[in-house]
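Trainee: This is the structure I want to talk about, given as structure tokens.
The values are calculated or read from the model by the stated rules, or taken from the named source; none is laboratory data. Note that this is a predicted model, so its numbers are computed, not measured. Here the Cβ positions follow ideal geometry from the backbone for every residue, glycine too, while neighbour counts run over all protein chains shown.
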Amino acid sequence: MKSHLSTFLCLFFFCTSSRANPQIIDSSEVYTIDQAMVYGARTVKETVPVQNLSGEELKKLSTFSVADAIRYFSGVQIKDYGGVGGLKTINVRSLGTHHTGIFYDGVELGNAQNGVIDLARFSTENMESISLYNGQKSGVIQSAKDFASASSVYMYTRTPVFEETKRNNIKAGAKAGSFGTINPSLLWERRLSAQASSSFNAEYLYTDGRYKFHNKGAGYDSIQTRQNSDVQAIRIEQGFSGKSDGSEWRVKAYFYGSERGYPGPVGRDIAAGQLNNQDRQSDFNLFLQTSFRKIIGKKYEMLLNGKCAYDYLHYMVKSRSAGASYDQIYRQSEVYLSSANMFTLLSFLSLNLSADFQWNGLNSDKADFVSPERYTALGAAAASLHFARFKLQTSLLASYVSNNTSTETIKTNKYSPAVVIFWQPFEKTNLNFRAFYKDVFRMPTFNDLYYDFIGNKNLEPEYTTQYNFGFSFARNFASSAVKRIEIQADAYFNEVRNKIIAVPLRSQSRWTMFNLGRVEIFGFDASAKNEWTINKNCSLNSRISYSFQRARDVTNPSSSAYLGQLQYIPRHSGSFILGLNCTSWTVNYSLIYTGERFTKTENIEVNRMEAWTTSDLALGKTFAMKRTKIKLIAEVNNLFDRQYSVVHGYPVPGRNFYFTLNINI
């Protein structure tokens, strides 16, 4: 790990306005004033359901990673395998992890091997906003990839903003606390010219991962300490961005490397202080991406994206309970190019034409590995009819996928339509109704197709149909203690066909992947945000969300799992955030509730997992000394020491404490 880390670090590093004196204003003269930037809430009329955390609201949450922040969105389940460095994946509206696209600064992150993006690897330290869209983004000019997922998470890192004549912004921070956690970081933004700037961000994370948990089951009950869950990770980003003459561009180089242990699931067979699983993993991810957007005249706008990526994974399995031991290396490569073009045909009619190409390759040191390659070509046509209080968007995505190995080629062609409607019935009231229909599919991953023993090269794509109807309401209050209120709610129905699942063959020791499943999902999401003014020095803001999901297996009426709630999907879940700001002090309280779930679609008592609630509390104080700002934060997570698991057998830490110091220069 150290040799690979040093090699790629080397490759990475190479590869205030002045106030004028008071004067008399001559009304006959024309005066030029300096550019001013105004910050504040604005009313956004989204045509699809969207949830967003950004700015100060995001910074105040007790979070290590993007996964921790996304937990506060409705309709979302984060599969958390425990600990600061544990794997964390997202499931939106019960459609599964593979149906959610993850975008970083506008370009999708990929993993053709298993289709899973670990959100724990992306820190909120340098994050400006995190948004979750159901269906697809509202904007017309988009890459074809933006149309290809049932839901999408968009993460945008900070764009440098400089005050007055400053040429540099420097932020140094350090976070430390429970489980031997050390988390220093550095952000350096530099103004290169009036139109361009650079941003360097580096972060290191270490934790021994040892925390006590309550190991309880049928016939056993003990307090034990989590073992083999240590993590060392480093993240480095170098970005350049600029704007000029109706264009904007962005270049980002990203490196993430880690070395960690995987403790495995807990159970009755673990004696106190012993290791059930001694698996180790070292990995790194390196990518370079660029984006260029330009407006040409009044009728045409273009968006170009490009990316190349390389992933290295070294996995060592030493599972005592399974008696297995092997040492394997996987290498993934990716090249991605995209062109999107928007034509404004009439004042109320726009057309978007986009084309994407992506190549993925996977190699391994395993004997007789098939080394699959995937060529993906996407073409999208989208039209937007937009009047003052009515919008209609339609899109059609054409997908061509070719999987190639040393022995065969498998080709797939699919078309995916979508229709989005937005209506504001009253001109002076910000009450909006929205609805959408969308068909989408996801290809089997390389593991689904070719993994040893369980892969099935005859798998068909998994299809999803979505229906959604909802509303949003927002209002600002000029002369009231309540400054602003936002409410949104959506009801939806999803259907998944040809669901890709693992099923046993002749015995429980031999499994393979099949297209067997059919799932129907009915749900309801609701959220509300409020801002209050207490006095001239204090303000209060709150955010509450609720989700109901009935996700049922309707595959086989004769099966014991028929009409059962899908595994790990709660019927009821919700979150609550309350923040108080008084001059230089901040207090933030957050709560997450997850209702009872089942580990299998057979909804019987032995498979039931009880509901849980956790609370986090953070207190912050800011000190200002000339141009330097120092902020101290003390936080306690899982305030009431709730013992629970998100995934069966993977306990989550109990009460834990962290202290953060940030210095802005």
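Trainee: What do you reckon, is Ala367 assigned to a loop (DSSP other than H, G, I, E, B), surrounded by fewer than 19 Cβ atoms within 10 Å (Cβ to Cβ), more than 25 Å from the chain's Cα centre (by Cα) and aliphatic (A, V, I, L, M)?
Mentor: Numbers: assigned to a loop (DSSP other than H, G, I, E, B): yes; surrounded by fewer than 19 Cβ atoms within 10 Å (Cβ to Cβ): yes; more than 25 Å from the chain's Cα centre (by Cα): yes; aliphatic (A, V, I, L, M): yes.
Judged against the criteria, Ala367 is a match.
Trainee: I'm checking my understanding of the structure. Among residues of segment 450-483 that are of a type in the set (Phe, Trp, Tyr) and within 29 Å of the chain's Cα centre (by Cα), which one is nearest to Glu373 (Cα to Cα)?
Mentor: Here the residue is Tyr450.
Trainee: Here's another thing I want to ask about it. If you scan segment 571-596, which residues turn out to be touching a Phe, Trp or Tyr at 6+ places or on another chain (Cβ under 9 Å) and either of a type in the set (Val, Ile, Thr) or closer than 17 Å to Glu520 by Cβ (or both)?
Mentor: Result: Arg571, Ile577, Ile592, Thr594.
Trainee: Looking only at segment 491-498, decide whether some residue is out of contact with any Cys (no Cβ under 8 Å at 6 or more places or on another chain) and at positive phi.
Mentor: Of the residues in segment 491-498, the ones out of contact with any Cys (no Cβ under 8 Å at 6 or more places or on another chain) are 491-498.
Filter once more, so that each one left must be at positive phi: 498.
Yes; the residues of segment 491-498 include at least one that is out of contact with any Cys (no Cβ under 8 Å at 6 or more places or on another chain) and at positive phi.
Trainee: Another one. Of all the residues that make up segment 582-600, how many are touching a helix residue (DSSP H, G or I) at 6+ places or on another chain (Cβ under 8 Å) and not hydroxyl-bearing (Ser, Thr, Tyr)? Can you show your working first?
Mentor: Within segment 582-600, the subset touching a helix residue (DSSP H, G or I) at 6+ places or on another chain (Cβ under 8 Å) is 598-600.
Retained after the next criterion (residues that are not hydroxyl-bearing (Ser, Thr, Tyr)): 598, 600.
Residues in segment 582-600 being touching a helix residue (DSSP H, G or I) at 6+ places or on another chain (Cβ under 8 Å) and not hydroxyl-bearing (Ser, Thr, Tyr): 2 in total.
Trainee: Follow-up. Checking Gln113 against (1) touching a helix residue (DSSP H, G or I) at 6+ places or on another chain (Cβ under 8 Å); (2) crowded, with 22+ Cβ neighbours inside 10 Å: exactly one of these is not met. Which one?
Mentor: Result: Gln113 passes all but (2).
Trainee: Output the residue which, of all residues in segment 514-534 that are part of a strand (DSSP E or B) and β-branched (Val, Ile, Thr), is modelled with the highest pLDDT.
Mentor: Filtering segment 514-534 for residues part of a strand (DSSP E or B) gives 514-533.
Subsequent filtering for residues that are β-branched (Val, Ile, Thr) retains 519, 521, 533.
On the way: Val519: 93, Ile521: 96, Thr533: 90.
It comes out as Ile521.
Trainee: Quick check: is even one residue across segment 496-504 among the polar types (S, T, N, Q), closer than 20 Å to Asn52 by Cβ, surrounded by 14 or more Cβ atoms within 10 Å (Cβ to Cβ) and modelled with pLDDT of 85 or more?
Mentor: no
Trainee: Another question, if that's okay. Test Glu108 against the stated conditions and say whether it is touching a Lys or Arg at 6+ places or on another chain (Cβ under 9 Å), more than 29 Å from Arg280 (Cα to Cα) and among the charged types (D, E, K, R).
Mentor: Details: touching a Lys or Arg at 6+ places or on another chain (Cβ under 9 Å): yes; more than 29 Å from Arg280 (Cα to Cα): no; among the charged types (D, E, K, R): yes.
So Glu108 does not fit the description; no.
Trainee: Also: Which is more than 22 Å from the chain's Cα centre (by Cα) and closer than 20 Å to Arg293 by Cβ, of Ser193, Ser199, Ser222, Ser229? Let's see the steps before the verdict.
Mentor: Numbers: Ser199 fails: more than 22 Å from the chain's Cα centre (by Cα); Ser222 fails: closer than 20 Å to Arg293 by Cβ; Ser229 fails: closer than 20 Å to Arg293 by Cβ.
From the options Ser193, Ser199, Ser222, Ser229, the qualifying one is Ser193.
Trainee: Could you look through segment 375-389, keep only residues that are modelled with pLDDT of 95 or more and not aliphatic (A, V, I, L, M), and pick out the one that is surrounded by the most Cβ atoms within 10 Å (Cβ to Cβ)?
Mentor: Filtering segment 375-389 for residues that are modelled with pLDDT of 95 or more and not aliphatic (A, V, I, L, M), the one surrounded by the most Cβ atoms within 10 Å (Cβ to Cβ) comes out as Thr376.
Trainee: Looking at Gly579, Gly564, which is the one that is in contact with a strand residue (DSSP E or B) (Cβ under 7 Å, 6 or more places away or on another chain) and either closer than 30 Å to Gly654 by Cα or of a type in the set (D, E, K, R) (or both)?
Mentor: Working: Gly564 fails: either closer than 30 Å to Gly654 by Cα or of a type in the set (D, E, K, R) (or both).
From the options Gly579, Gly564, the qualifying one is Gly579.
Trainee: Turning to a different aspect of this structure: Answer with yes or no whether Arg226 is touching a strand residue (DSSP E or B) at 6+ places or on another chain (Cβ under 8 Å), crowded, with 16+ Cβ neighbours inside 10 Å and farther than 30 Å from Leu304 by Cα. Break it down stepwise before answering.
Mentor: Details: touching a strand residue (DSSP E or B) at 6+ places or on another chain (Cβ under 8 Å): yes; crowded, with 16+ Cβ neighbours inside 10 Å: yes; farther than 30 Å from Leu304 by Cα: yes.
Yes; evaluated as a whole, the condition is true for this residue.
Trainee: What number of residues in segment 622-633 are loosely packed, with under 13 Cβ neighbours inside 10 Å and on the phi < 0 side of the Ramachandran plot?
Mentor: Qualifying residue count for the region: 5.
Trainee: If you don't mind, another one. Please enumerate the residues belonging to segment 82-101 that are touching a Gly at 6+ places or on another chain (Cβ under 9 Å) and on the phi < 0 side of the Ramachandran plot.
Mentor: Within segment 82-101, Val84, Gly85, Gly86, Val92, Thr97, His98 meet the criteria.
Trainee: If I filter segment 125-173 down to residues being of a type in the set (Val, Ile, Thr) and closer than 23 Å to Ala194 by Cβ, which single residue comes out as surrounded by the fewest Cβ atoms within 10 Å (Cβ to Cβ)? Before the answer, list the steps.
Mentor: We begin by selecting, within segment 125-173, every residue of a type in the set (Val, Ile, Thr); these are 130, 140-141, 153, 157, 159, 161, 165, 170.
Among the residues that remain, those that are also closer than 23 Å to Ala194 by Cβ are: 157, 159, 161, 165, 170.
Details: Thr157: 22, Thr159: 15, Val161: 12, Thr165: 9, Ile170: 14.
Here the residue is Thr165.
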